[in-house]
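Asker: This is the structure I have questions about; it appears just below.
The values are calculated or read from the model by the stated rules, or taken from the named source; none is laboratory data. As the structure is a computational prediction, the values presented were derived from the model and not from experiment. Note that we place each Cβ from the backbone using ideal geometry, even for glycine, and neighbour counts take in every protein chain shown.
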Amino acid sequence: MLRKQTLSRKLFVVFNAIFLTCISLLGIIPFIHLLSISLSSNTAAMAGEVKLWPVGFTWDAYAYLGEKVEFFRSLGVSVKRVVLGSLVNMFLVFITAFPLSKSNDQFKFRTVYVWIFAITMFFGGGLIPTYIIVKNTGLMDSIWALILPGALNVWNMVLMLNFFRNIPKELDEAATIDGAGHWRVLWQIYLPVSLPSIATIGLFTIVGHWNAWFDGILYLNSPEKYPLQTYLSTLIMSLNAQMSSMSVEQLKVMENLSEKTIRTAQIFMGALPIMVVYPFLQKYFVKGMTVGSVKE
Amino acid sequence: MDELEKVAQAFTHNDPDQNGKNDTYGIALQKNLFFWGFDLRGFFNGFGAYPSVGDNQSAWIKGSDDKLIPGLIQPEVKTALGKLQQWYKDGILDKEFALKDENKAVEDLIAGKVGISYGEWWYPNWPLNSSVDKDPKADWIALQLPGVDGPAKSLVPKIRSNKIFVVNKKAKNPEAAIKMLNFYIEVGKKEYKDKNKAADGYVYNWFNPRIANPADIDTIYTEVNKALEANQEEITINDANYKTVADTFKATKDYMAGDTTNATKGINWGLYYSRAAKDGGWGLTKQIKESDQFVYNEFYGLPTPTIVEKGGQLDKLMQESFTKIIMGGSLDEFDKFVDSWKALGGNQIIDEVNERYNTEATK
Amino acid sequence: MKSLKKELPLHIMLIPGVIVTLIYAYGPMAGLVMAFQQFEPLSGFFKSEFVGWDNFNYVFHLPDFKQVLWNTLVIAITKMVLSLLVPLILALLLNEITRKWFAGFIQSAIFLPFFLSWTVLGGVIIELFSLSGPINGLIASLGMEPIMFMLDNSWFRGIIIGSDVWKGMGYNMIIMLAAITGINSTLYEAAEVDGAGKWKQVLHITLPGISPIIILLAVLGLGGILNAGFEQILMMYNPTVYEGADIIDTFVYRLGMFSQQFGPAAAVGLFKSVISLFMVSITYYAAYKFNDYRIF
């Protein structure tokens, strides 16, 4: 078949590329701005002089972050949390979405289960009751406090459920006819075929775990168990009336590192690993997944 | 007040940073009109108005019949607002002050974009130290509040404690709290000089429970000046105040000698000017204190029930009304504000505050 | 009973999810009782005074509540609509890019702002639109009067909505892209054979193919109808724009200024939850009745 590229199509392709590049710039510029601040001197940053390029270039903020043993320790904790947490999350999302993606005839009580989960998307007890429960289930000061309470993310599960529904029923039927039970269908058929959705939801899960910092503050008592973002958040020294009672050493520390440069360096250190992992997950968003095993 | 206006205008219009651009202004201000810094408390005091001690609290002063009246709704506030409106138009206040938080206001101060700020004695310590570091020619002076006819009186809280520490009677070691308190006091002595510093990114001295004795600041002032006059090289007293006195003394000596090996000029100047200088932050405050140039906020303690219930709403009303008036709204809006304030709960609060004052307060 | 035996594996698959949800999602919900109490932390849930609907009455009768409710609805609904439209258009456009590395780059760039928190972005945006910022700089060079964007009610709302859509568009876009890749490529080939141009293909294949996901995102978005962006607005607002941008959450936040108001805060939270559930239930059943499509 001849595919003629009409003029309008050519124009569209060009404008599309330009347009999307502009939008991409919109997304990148704030990062460049923040990166520049993190590499600028304290006084320049405090005076608001930094726009898109460092002023008074210095590695000080990063050196401050990097020379602390705690930094690398918390980095390790974060990796552990992300790997463990994402595996747990993805596993639960996967096995929970599968039964719920069946139709109501195939699975009675499906609707009941679905609403049990769905309601938790709208109602929550809030911080204090959750804290009490976490405490009473013995998770305090353990990495599991960062993993179990959010182990089943209903939103992600619902997404996965919908992706499952898009998988042609014929695959399911063919396998069942061949005598496969639900477990085998799930792992041997659904798993390979849902890679794009697993990659997508996996990405969100990994990002969520990587960026979470507040739960660490709430549930962990020992600083050596802090994941990276929690640790970084404790570095921000609050400048308020305490300033009047600072000693010379404290002031010196404050002098060399303004809140601004530290904060932006912190943001970068926090976002960098994700930006590195992202391209690897990207190749799973493959266009045109072949479902060649099914004849329409 | 007129002098202040003239100076502020000079800062605004005469291009003090000499960069050929009209980008400076006179007086620092951020969006919370009554805050802990870079706000308008002192300004209002200059007009005999005492609306607030900061932190969103309304102040209460003794009225003519010995009852407490809220400073926020007095006619002097209206006069002051009129002046502010004029200054805003003139550019003395930054046109976008309502957008700025304290960090932004500090940025402007350090960058040399503004020349005057109302504030408290510790400003030289921060943020003015950074200003001096950025511009070594920066020469900040401390002044008593300018008033309409001569210097004005500052509004001060009657009682300055803002925390109570409680130990649960079921706690295993309740004496630990007292031990910690004593520890902090002990650690100020000379022999702990080297250990008493921040470590691992934590400033351990800031952990609670911790008591700061307000009289310590005066001790620093007295002891450092004593040592300076006696031409000492080091501080000789040794008690809990050793560390703070020694630090200030060292900084003062370094500043006077132009020595920047230990800390920058800004830091040295900051410590010196806030605590030790006779005409600096504390020095001036001490004079004001000793010459009775202040007015007490007679209300202290926990908020009354109506303040809890309606406080947020009333504060929103005040911020909106005042900000609008400053930015050009009609001054009659102030009268409307007073009526609304009273109707929305203000009248109840007046009663509650006076009742508490009559029954419980130490006068 | 035979069906139960066949369905048993499905039930078993749901067990871990149900357990985690019951403990960590339903458990804390008991704390919702705070909404009906004059809650004092020292008295806890059992000894705080029960006040029935008082907390609700108190908040609903505060003078500015109507204004605040209206603002919330306007901002939330506009955000909802745009957060579906914009990512959709972007996903469709991005889908037309053939060079994989370019597409990957654009995707990553658009997703980047998602990582930044409002504590950082808020300050950046305020500066961007300030009188001395780049936008006004551009306006001045075009010979027009500078505009105080952040101090004007209508502009401010626009900036709030625009920046939130910009920050989050990557998220929805990725989900939609994943859905697009799930569409059977043979459908496109068949359409080409039939002579359908790219535009027709989008209209008749792509859009219908991802309509389940769009409906899902729309319905769940509707559940957030009273969430207009608390953290964002808190970081960027100021008293001059309270009139147009104060939302329920920021309003309630300031209510706790003089003393924590656990009861009223919980009451408002409960109110919002009920409305969310209501909205989602209606649309769920509407989608089911009209499209025979269950969202979950």
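Asker: Name every residue in the stretch B:109-118 that is in a helix (DSSP H, G or I) and more than 8 Å from chain A (Cβ to nearest Cβ), in order of residue number.
Answerer: Listed by number, the list holds a single entry, B:109.
Asker: Now, a different point. Just the residues that are polar (S, T, N, Q) and in contact with a helix residue (DSSP H, G or I) (Cβ under 7 Å, 6 or more places away or on another chain), please, taken from the stretch C:125-151.
Answerer: Scanning the stretch C:125-151 gives a single hit, C:130.
Asker: Let me spell it out: the conditions are (1) exposed (fewer than 15 other Cβ atoms within 10 Å of the Cβ); (2) within 14 Å of chain A (Cβ to nearest Cβ); (3) within 21 Å of residue C:221 (Cβ to Cβ), and residue C:86 meets all of them except one. Which number is the exception?
Answerer: For residue C:86, the exception is condition (1).
Asker: Mind listing just one residue for me: the one in the stretch C:153-211 that is in contact with a Gly (Cβ under 6 Å, 6 or more places away or on another chain) and modelled with pLDDT of 85 or more and, of those, surrounded by the most Cβ atoms within 10 Å (Cβ to Cβ)?
Answerer: In this case the residue turns out to be C:164.
Asker: Of the numbered conditions (1) within 24 Å of the chain's Cα centre (by Cα); (2) more than 9 Å from chain C (Cβ to nearest Cβ), residue A:120 satisfies every one except a single condition; which is it?
Answerer: Every condition holds for residue A:120 apart from (2).
Asker: For the stretch B:1-104, which fully contained strands (runs of 3 or more DSSP E) count at least 2 residues that are under 22 Å from the mean Cα position of the chain (by Cα)?
Answerer: Correct list: B:25-27, B:52-54, B:60-62.
Asker: Let me ask another. State which residue is farthest from residue B:90 (Cα to Cα) when the search covers only the stretch B:308-342 and only residues that are facing chain C (nearest Cβ under 9 Å) and β-branched (Val, Ile, Thr).
Answerer: B:308
Asker: Just checking, how many residues over the stretch A:110-144 are touching a Lys or Arg at 6+ places or on another chain (Cβ under 9 Å) and crowded, with 18+ Cβ neighbours inside 10 Å?
Answerer: Count: 4.
Asker: Same structure again: I'm trying to understand the selection: among the residues of the stretch A:32-48, which are modelled with pLDDT under 85, more than 13 Å from residue C:127 (Cβ to Cβ) and either touching a Leu at 6+ places or on another chain (Cβ under 7 Å) or at the interface with another protein chain (Cβ under 8 Å from one of its Cβ atoms) (or both)?
Answerer: Listed by number, the residues that qualify are A:42, A:43, A:46.
Asker: Something else: Which count do you get for residues in the stretch C:122-143 that are under 30 Å from residue C:177 (Cβ atoms) and more than 7 Å from chain A (Cβ to nearest Cβ)?
Answerer: The total comes to 3.
Asker: Just to be sure, is residue B:253 outside the structural domain of residue B:234 (by TED's automatic domain parsing), more than 30 Å from residue B:67 (Cβ to Cβ), in a helix (DSSP H, G or I) and of a type in the set (D, E, K, R)?
Answerer: Answer is no for this residue.
Asker: Residues to consider are C:267, C:228, C:286; find the one that is among the aliphatic types (A, V, I, L, M) and surrounded by fewer than 23 Cβ atoms within 10 Å (Cβ to Cβ).
Answerer: C:286
Asker: Right, another one. Of B:182, B:173, which residue is polar (S, T, N, Q), farther than 30 Å from residue B:41 by Cα and under 29 Å from the mean Cα position of the chain (by Cα)?
Answerer: When all the criteria are applied, what remains is B:182.
Asker: Quick one: residue C:161 ticks every box in (1) touching a Ser or Thr at 6+ places or on another chain (Cβ under 7 Å); (2) facing chain A (nearest Cβ under 9 Å); (3) part of a helix (DSSP H, G or I) except a single one, so which number is it?
Answerer: (2)
Asker: Tell me which helices (runs of 4 or more DSSP H) are completely within the stretch A:3-83 and hold 2 or more residues being of a type outside the set (S, T, N, Q) and out of contact with any Ser or Thr (no Cβ under 6 Å at 6 or more places or on another chain), or say none if there are none.
Answerer: Answer list for the stretch A:3-83: A:7-38, A:60-66.
Asker: Do we have residue B:260 as in a loop (DSSP other than H, G, I, E, B) and of a type in the set (Ser, Thr, Tyr) here?
Answerer: Taking the combined requirement at face value, the residue satisfies it.
Asker: I'm trying to understand the selection: among the residues of the stretch C:170-209, which are within 11 Å of chain A (Cβ to nearest Cβ), hydrophobic (A, V, I, L, M, F, W, C) and in contact (Cβ under 8 Å) with a residue 24 or more places away in the chain?
Answerer: C:173, C:174, C:175, C:176, C:177, C:179, C:180, C:183 - these are the residues of the stretch C:170-209 that are within 11 Å of chain A (Cβ to nearest Cβ), hydrophobic (A, V, I, L, M, F, W, C) and in contact (Cβ under 8 Å) with a residue 24 or more places away in the chain.
Asker: Search the stretch B:296-307 for residues that are away from chain C (no Cβ under 14 Å) and pair each with any residue that is part of a loop (DSSP other than H, G, I, E, B) and surrounded by 19 or more Cβ atoms within 10 Å (Cβ to Cβ) when their beta-carbon atoms are under 8 Å apart and the residues are at least 6 apart or on different chains.
Answerer: Hits for this filter: B:297/B:50; B:297/B:59.
Asker: Sort through C:119, C:21 and tell me the only one that's at negative phi, free of Cβ contacts under 8 Å to residues at least 40 places away in the same chain and within 11 Å of another protein chain (Cβ to nearest Cβ).
Answerer: Going through C:119, C:21 in turn, just one is at negative phi, free of Cβ contacts under 8 Å to residues at least 40 places away in the same chain and within 11 Å of another protein chain (Cβ to nearest Cβ): C:21.
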